[in-house]
Each structure stands twice: as structure tokens, then as C-alpha cells.
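What follows is a single structure, written as C-alpha cells, with notes after it.
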Amino acid sequence: MVISYTGSGEVLDIVRRLGRTEDVKFSPSYRQFAVAGFSENKVVLFDISITSTSSGKKLELLRANEIFSPSFNLPHGLDFIDDRSLIVANRNGMACILRLPDLADGVSYHEIVPSATIADQDLIHSPGSVSVTRSAEDLYEILMCDNFGHTITRHILNADRGFSVEESGLLLHKHLDIPDGICVSSDRKWVGVSNHNRHCVAMYFNDGSLDVSADPRGLLRGVYYPHGVRFTADGKFVLVADAGAPFVRIYKSHDGSWRGIHYPVSSYRVMSDETFLQGRRNPQEGGPKGIDIHESAHVAVTTSELQPLAFFDLPEMLSPTAGRGHCYEQQSELALTCELDLADQAATHMRQAEAGAKQAEARAKQAETRAKQAELRAGKAETRVAVHTKKAEGQMAAMKRSRSWRITAPLRWASSCIIRSSRS
């Protein structure tokens with residue numbers, strides 16, 4: 001069930017002006033949530049109130065604060081370190097930590113210089129989604145997707161030292177092809193990574209042995225282009241925003257283990273086909289991007305460009321009856337279109353790979369031909385030098401045997417004597 005929301009005209013205007021959005025995240029206290037305004041180079045903080053009434057849940061957006069920063073360059077991922085600190089990962093820049101201002105009533109505008117950054121160019125090339133977990137009293141573990149580096153990096157921040165970076169390194173790489181979303185389960189046993197180009201979510205068992213050679217222990221299949229990913233608090237469900245469909249994919253584990261292959265138990269519709277198709281400029285777009293869960297109010301939120309904010313009743317999303325939408329989707333014309341587009345794109349990638357291999361082979365043959373031609377030219381040049389040398393040696397020998405050479409020998413001797421005496 002969609003939960004409608006209210007707010008002042010000014011606040012709702014901020015929602016309408018979000019533009020292309022990416023990730024969304026509730027604060028630890030659940031009093032606020034932040035949205036990454038990718039195309040507008042901003043982050044928007046909303047104050048939120050959720051109450052339960054006899055007619056259902058009532059949701060109000062109390063305040064909206066637009067945050068700008070000189071460090072923003074296509075903000076993609078974000079997460080709260082605490083209620084007053086936010087990390088923002090910029091697709092064309094670095095990850096920055098912002099100290100958040102007090103929210104004014106209504107709407108307000110703030111420009112903030114970051115208090116710290118994560119900008120290791122040897123590790124991070126295109127920061128994307130990010131996940132924060134507290135590892136000790138003043139230490140926070142940051143896991144960050146490097147979209148086009150196809151890696152997950154790990155960073156330890158020290159809050160007591162102004163969020164200085166205590167440690168950085170590569171964490172995951174194997175099998176990843178554009179990691180586009182990340183989440184750590186509340187018990188920290190599992191790390192879910194949306195694997196965009198492989199159309200799945202990779203589930204890594206976080207037993208302390210993770211490194212770049214680690215294989216995922218499980219895969220969540222049945223999703224076109226996974227983006228935002230979230231565990232429920234009990235770790236038994238995973239919600240995946242499918243950017244290639246108008247659905248959030250729901251996965252279930254009865255015991256909290258995500259080993260093996262899992263398929264959705266349901267596909268929960270979060271937008272109409274019409275809205276989805278309006279935003280579907282290519283097979284990878286149109287559906288929901290960001291997703292998060294308000295655990296205390298049992299509400300889920302999604303973001304997308306044409307539907308900037310949408311809220312849903314979490315128990316309904318997770319209920320067995322939600323699976324009916326999945327059955328319908330599998331038989332729908334839209335599902336067939338998405339599957340055909342996916343197959344076409346896979347075939348295109350295969351053709352591009354084959355063409356690239358043929359071009360590489362042709363370049364290798366051309367290089368081999370040029371090398372042989374150069375070797376042949378070098379051999380001919382060597383032969384010419386040898387012929388000229390032998391000819392010159394023959395001419396010199398003939399000259400020394402000639403009568404004129406013998407007759408002029410005394411003159412050459414006298415000339416050399418004169419030269420030696422003049423030098424002395």
C-alpha cells in the first residue's frame with residue numbers, strides 16, 4: 001500500500017525539484033532522511049513525522065533543507081555516520097563527510113565545506129553507494145562501491161580525530177561488474193552488493209576473511225538492474241530496488257542465511273507502468289533507484305527520477321499476498337519487453353566483445369607484419385652495408401698495389417715528418 005505524504009507547499013516543491021535521484025537513507029534516530037540529488041549536485045534533508053491512525057499510517061514532511069557543497073560532483077551514495085554527520089560519495093569526485101546544520105522551519109539552503117574527505121586516487125575512481133557501520137566507540141567502517149573500478153573499498157574513520165582515515169584498502173573485486181548498491185546486515189554477518197551488469201545481488205559472508213579474491217556465498221537472481229539494497233532488521237528479508245522494472249524485489253531467508261541461489265518471493269509494484277516507461281530512456285532506467293527502511297515505523301521509501309519519493313507499508317510488502325504481483329509480472333507484456341531488451345543487450349555486449357577481440361587480433365597481426373617488414377628492411381640494409389664495405393676494402397687494396405701509390409710513398413713519408421716536426 002502506498003502511504004501518501006503531506007507537507008507545506010514549499011517542502012513539496014523541494015520534492016518536485018529533486019531531479020534525478022540515487023540513494024536515500026534514514027538517520028539513526030529516524031527523524032530525518034537524506035536523498036542524493038544526482039543531477040542537481042545536491043543532497044536534500046527532510047524532517048519526517050510518521051504516526052499510526054485508525055485509517056492507517058500518516059506521514060508528514062516537516063522540513064526540507066537543500067545541502068550544497070563545493071565537493072559535490074554527481075552525488076550518488078550517502079549514509080549517516082551519526083545524526084549530525086553524513087558521508088556523501090560523488091560519482092565524479094570523492095567521498096566527503098559533512099557536519100549537518102540544525103534544520104530550520106520550512107525550507108532552507110546551506111552550503112557546507114566538508115570536514116573530512118576520502119580521496120585515495122589509487123583506490124577510488126568513481127565512488128557510488130556507501131554503507132556505514134560502527135566498529136568501535138569512535139571508529140566507523142565505511143564500505144564503498146567504486147562503480148567503474150568494479151570494486152568495494154573499505155575505510156576506517158576515527159570520529160575522535162575529525163573523521164580522519166585510519167585505514168583504507170580494497171575489500172572485494174572478484175565477480176563484480178558495476179557494483180551499484182551495498183548494505184550490511186544488522187548483525188554484520190552479510191554484505192549485499194548490487195551487481196548491475198550481472199543482474200544479481202552478490203551476498204558475501206562477512207566472517208573476517210573477505211578480500212579481493214573472495215567469492216560470494218550467495219546470489220539473489222531474478223532482478224534486471226539492481227540498485228539500492230536493504231536487509232530488514234531481523235536479516236530474514238532483502239529488498240532490492242530494480243532500476244530496470246517498476247518493482248522492488250523481495251527475497252526471503254527462513255534462517256537468516258543467504259547461501260546459495262535465491263529468487264524473489266514477490267515483486268512489489270512501486271510505480272505504474274506509465275511512470276516507469278516515461279523514465280525508461282534505456283533498459284537500465286525507469287524503475288526505483290534508492291531504497292531504505294524505517295524500522296520503527298515499518299515503512300519503506302523509494303526514490304526515482306519521475307517519482308522522487310514514495311512510501312510503502314513494510315508489513316504489506318513482506319506479506320505472502322504480495323507475491324501475486326510477481327506472478328502477474330511474469331505474464332505481463334512489460335515483463336516480456338524487459339526480458340527481450342535484456343537479451344538484446346546481452347547479445348550486443350557479446351557482439352562488442354567479439355568485435356573487440358577481432359580488432360585486437362587484427363592489430364596483433366598488423367604489428368606482426370610490421371615487425372617482419374622492419375626485420376626484412378634491416379636485413380637488406382645490413383646486406384647493402386656489407387657490400388659497400390667489401391667494395392671499399394677492395395678499392396683500397398687495389399690503390400695500395402698501384403704504381404702511383406708506390407711512387408708517391410717517399411712524398412707521403414716526407415709530408416708526415418714535416419707535420420710531426422711542426423707539432424713539436
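Which of (1) free of Cβ contacts under 8 Å to residues at least 60 places away in the same chain; (2) among the small types (Gly, Ala, Ser); (3) surrounded by fewer than 20 Cβ atoms within 10 Å (Cβ to Cβ) does Gly19 not meet, given it meets every other one?
(1)
Matching residues to (1) within 23 Å of the chain's Cα centre (by Cα); (2) farther than 24 Å from Ser186 by Cα:
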| residue | (1), (2) |
| --- | --- |
| Ser29 | no, no |
| Asn41 | yes, yes |
| Ser52 | no, yes |
| Leu59 | no, yes |
| Leu62 | no, yes |
| Ser69 | yes, yes |
| Asp82 | no, no |
| Ser85 | yes, no |
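Mind checking which pairs have a first residue in the stretch 296-321 that is without any contact (Cβ under 8 Å) to a residue 40 or more places away in the chain and at positive phi and a second that is in a helix (DSSP H, G or I) and of a type outside the set (A, V, I, L, M), Cβ under 6 Å, 6 or more apart or different chains?
His298/Pro315
Six or more apart or on different chains, Cβ under 6 Å: which pairs go from a residue in the stretch 339-361 that's assigned by the TED database to the domain that holds Tyr225 to one that's modelled with pLDDT of 75 or more and surrounded by fewer than 10 Cβ atoms within 10 Å (Cβ to Cβ)? Could you list them?
Qualifying pairs under 6 Å: none.
For the stretch 311-332, check the following and say yes or no: at least one residue is modelled with pLDDT of 90 or more and in a loop (DSSP other than H, G, I, E, B). Break it down stepwise before answering.
Filtering the stretch 311-332 for residues modelled with pLDDT of 90 or more gives 311-319.
Retained after the next criterion (residues that are in a loop (DSSP other than H, G, I, E, B)): 319.
Yes, the stretch 311-332 contains at least one residue that is modelled with pLDDT of 90 or more and in a loop (DSSP other than H, G, I, E, B).
Here is a list of conditions, (1) within 30 Å of Ile152 (Cα to Cα); (2) out of contact with any Ser or Thr (no Cβ under 9 Å at 6 or more places or on another chain), and Pro114 meets all of them except one; can you say which number that is?
In the conditions (1) within 30 Å of Ile152 (Cα to Cα); (2) out of contact with any Ser or Thr (no Cβ under 9 Å at 6 or more places or on another chain), Pro114 misses (2) alone.
Looking at Asp215, Asp177 in this structure, which one is over 21 Å from Pro127 (Cβ atoms), assigned by the TED database to the domain that holds Ser85 and surrounded by fewer than 17 Cβ atoms within 10 Å (Cβ to Cβ)?
One residue alone meets the criteria, Asp215.
Specify which of the listed residues (Ile81, Ile124, Ile87, Ile97) is under 21 Å from Ser164 (Cβ atoms) and either part of a loop (DSSP other than H, G, I, E, B) or not assigned by the TED database to the domain that holds Gly37 (or both).
Ile124
Exactly one condition in (1) small (Gly, Ala, Ser); (2) surrounded by fewer than 20 Cβ atoms within 10 Å (Cβ to Cβ); (3) in a strand (DSSP E or B) is not met by Gly149; state its number.
(3)
The values are calculated or read from the model by the stated rules, or taken from the named source; none is laboratory data. Worth saying up front: this structure is predicted, and the values here are computed from it rather than measured. All Cβ positions, even for glycine, are placed from backbone atoms using ideal geometry, and neighbour counts span all protein chains on display.
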